Amino acid sequence: MRLAELSERSGVSTATIKYYLREGLLPPGHRVTATTAEYDAGHLRRLRLVRALIQVGGVPVATAREVLGHVDDESLGRTVRLGAALWALPHAPEPDEDDPAVVAARAEVDRLLESLGWETARELAPLSPVHRSLVVAVATLRRLGYLWDAELMAPYGELMHQVARRQLDFMETHASPTEQVELAVASAVLFEPVLRALHRLAQEEESARRYGIE
């Protein structure tokens, strides 16, 4: 397809597509002449992912470029490739390690990972922005008086492990490693709001069942 058709099928203006091409967010088309190029289904899929990252996820262009660079790095194994792409997404800032709430939260998160048997997560903890985000969240809860510990978090961790299995099962239905990592990144941006909304709906439903709606 030519640029005009790519724009029509994606709903993204040609000017924006050209901007994404210049910024390296979208791979170049297959050159037909000196002034025209052809685009394929891979370009359409990538364009939709870029829009999801930037418009829905609020990811800055520079960060999106870094994420997509990891997605496209075929020299990496699938786990490292996926992890690098997800780590490049925005996360919580560095916590204050002198804050008692942070110290306590880090200890409970470490106990949680040990109790769940998540060895890779434990090994990568010093480098992982995802681990850092969990520590920051638990520390914030502790400051508010909600003393979440490893025992309280463990059932949630087990449920999230089931969710991760289902997501990877679905990811593996796609043909190429690049498509699989693209899907995982899209899920991180788009599926987490789905989980959050389902959680809140479940809270509403369970509250109504327990306490009524009057």
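The values are calculated or read from the model by the stated rules, or taken from the named source; none is laboratory data. The model shown is predicted, which means the values in this text are computed figures rather than measured ones. Methodologically, a virtual Cβ is constructed for each residue, glycine included, from the backbone with ideal geometry; neighbour enumeration extends over all protein chains shown. Note: accessible area is taken over every heavy atom of the protein model, side chains too, but ligands, DNA and RNA are not part of it. Shrake-Rupley method; radii C 1.70, N 1.55, O 1.52, S 1.80 Å.
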query: Relative contact order (percent) for region 3-56, with alpha-carbon contacts under 8 angstrom and 6 or more residues of separation?
result: 33 percent
task: Give me the net charge of Ser176's neighbourhood, meaning all other residues with Cβ under 15 Å from the Cβ of Ser176; Lys, Arg count +1, Asp, Glu -1.
output: -3
- prompt: Distance in nm between label sites at Ser133 and Asp149, each 7 Å beyond Cα in the beta-carbon direction?
  reply: 2.7 nm
- line: Simple spin-label estimate for Tyr211/Asp169, 7 Å along Cα→Cβ, in nm, reads 3.5 nm
statement: With +1 at each Lys and Arg Cβ and -1 at each Asp and Glu Cβ, the charge dipole magnitude of region 3-56 around its Cα centre, to the nearest 20 debye, comes out at 160 debye
message: What does the C-alpha gyration tensor say about the overall shape of region 87-211? Classify as rounded when a/c is under 1.5, otherwise prolate if a/b is larger than b/c, or oblate.
response: oblate
- request: Counting only heavy atoms of the protein chains, get the accessible area per residue of the chain (1.4 Å probe) and round it to a whole Å² value.
  value: 62 Å²
message: Which one, Leu21, Pro193, Ala105, projects farthest toward the positive side of the charge dipole computed for the chain from Cβ point charges (K/R +1, D/E -1)?
response: Leu21
- prompt: If you stretched the chain out fully between Leu190 and Lys18, how much longer would it get, using 0.36 nm times the residue separation minus the C-alpha to C-alpha distance?
  reply: 59.5 nm
statement: Of every hundred units of 1.4 Å-probe accessible area on the chain, the number belonging to carbon and sulfur atoms, as a percent, is 56 percent
field: Extension gain from Met160 to Ala37, taking 0.36 nm per residue of separation minus the Cα-Cα distance
entry: 39.9 nm
- prompt: Is region 85-146 best put as rounded, prolate or oblate by its Cα gyration tensor, with a ≥ b ≥ c the root eigenvalues, rounded for a/c under 1.5, and otherwise prolate when a/b is larger than b/c, oblate when not?
  reply: oblate
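Is there a quick way to get the dipole size of the chain? I mean about its Cα centre, with the Cβ of Lys and Arg at +1 and of Asp and Glu at -1; what is the value in debye to the nearest 20?
Computed about the Cα centre, the dipole is about 800 debye.
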field: Cα pair count fraction exceeding 14 Å, expressed as % - region 3-56
entry: 48 percent
statement: Residue-normalised 222 nm signal for the chain, counting each DSSP H run of n ≥ 4 as -39,500 (n - 2.57), nearest 500 deg cm²/dmol, is -22000 deg cm²/dmol
